[in-house]
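The values are calculated or read from the model by the stated rules, or taken from the named source; none is laboratory data. Just so we're clear, the structure is a prediction, and the values are computed from it rather than from any experiment. In this analysis, Cβ positions are derived from the backbone assuming ideal geometry, glycine residues included, and neighbour counts consider all displayed protein chains.
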Amino acid sequence: MDLSQATAKKAGLPGIKFIAVTAGPMLERERAYGLPTKWVAKNPSKPWEGGSYQNKQLLQEYVPRLKDMGFEGMTAYVYHNFMEKDNKSFADMRETYKGHWNMWSEKFKNDPNFEYQVPVAMGWDMRPAGGTWPQQTGFPSEPQKDKVHSTKATFTAKLKEAQQVSRKYRPSNGNTVMICCWNEYLEGNYIEPTEGHGFDYLESIRDVFGN
């Protein structure tokens, strides 16, 4: 990050604002799938031969590290759960996202130097890529998460909810709502116009944020 900042400033730019993209397990029983903070090589003299990730942390343990690592904010790619609640439908996803929005907005509301960019996703269905998450057996480990489908109406409603949170915490959250994704077809998460949905998702974004 220091090198990137120096390069940008040398080129006449004010610098780079690094925003961390974060997500991860939040329950103790899920720690094995947590965010690693250390990598140990099997053979220190030959690290290219592989190693193991260690000292895994839950999302709420990891996030406080971000500022000291050089990040000035955070957002998310996709939240698959919030605590005990998983995304098994788009209605579930709206609720889990609200949990994250409120948790992180509250955490950073008094920190003007770290912003939480409110994220939104239009859905999730990873069956084209083997399901959530594909195992060596060929079967997904969490197929119940592959039915998170939105409509123009439900996506619009979620955008409005995100907009409300962004406005409420504007002094610390900034004015960015991060929308995922443009064309992640293998994950069932896309706003790009298609034969099936037409321009529905872009129209939703225009209708909510266009003014």
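List of remarks:
- Residue ID - farthest from the chain's Cα centre (by Cα), chosen from residues in region 115-160 that are surrounded by fewer than 19 Cβ atoms within 10 Å (Cβ to Cβ) and aromatic (Phe, Trp, Tyr): PHE139
- Cβ pairs under 7 Å, 6+ apart, first in region 65-92 and under 16 Å from HIS149 (Cβ atoms), second β-branched (Val, Ile, Thr): ASN87/THR96; ASN87/VAL148; SER89/VAL148; PHE90/VAL148; PHE90/THR154
- Test: residue in region 4-14 that is of a type in the set (Ser, Thr, Tyr), out of contact with any Cys (no Cβ under 9 Å at 6 or more places or on another chain) and surrounded by 10 or more Cβ atoms within 10 Å (Cβ to Cβ): yes
- Among residues of region 82-97, those that are under 16 Å from GLN60 (Cα atoms), buried (at least 21 other Cβ atoms within 10 Å of the Cβ) and either of a type in the set (A, V, I, L, M, F, W, C) or at pLDDT below 95 (or both), counted: 1
- Residue match in region 187-195 (condition: more than 19 Å from the chain's Cα centre (by Cα), at negative phi, modelled with pLDDT of 95 or more and part of a loop (DSSP other than H, G, I, E, B)): yes
- Within region 181-195, residues that are within 15 Å of ARG127 (Cα to Cα) and surrounded by fewer than 18 Cβ atoms within 10 Å (Cβ to Cβ) reach partners that are modelled with pLDDT under 95 and not aliphatic (A, V, I, L, M) with beta carbons closer than 6 Å, at six or more positions or on different chains, in the pairs LEU186/PRO128.
- For GLY131, the conditions (1) touching a strand residue (DSSP E or B) at 6+ places or on another chain (Cβ under 6 Å); (2) assigned to a helix (DSSP H, G or I) all hold with the exception of (2).
- Some residue of region 50-72 being under 23 Å from LYS158 (Cβ atoms), small (Gly, Ala, Ser) and not in a helix (DSSP H, G or I): no
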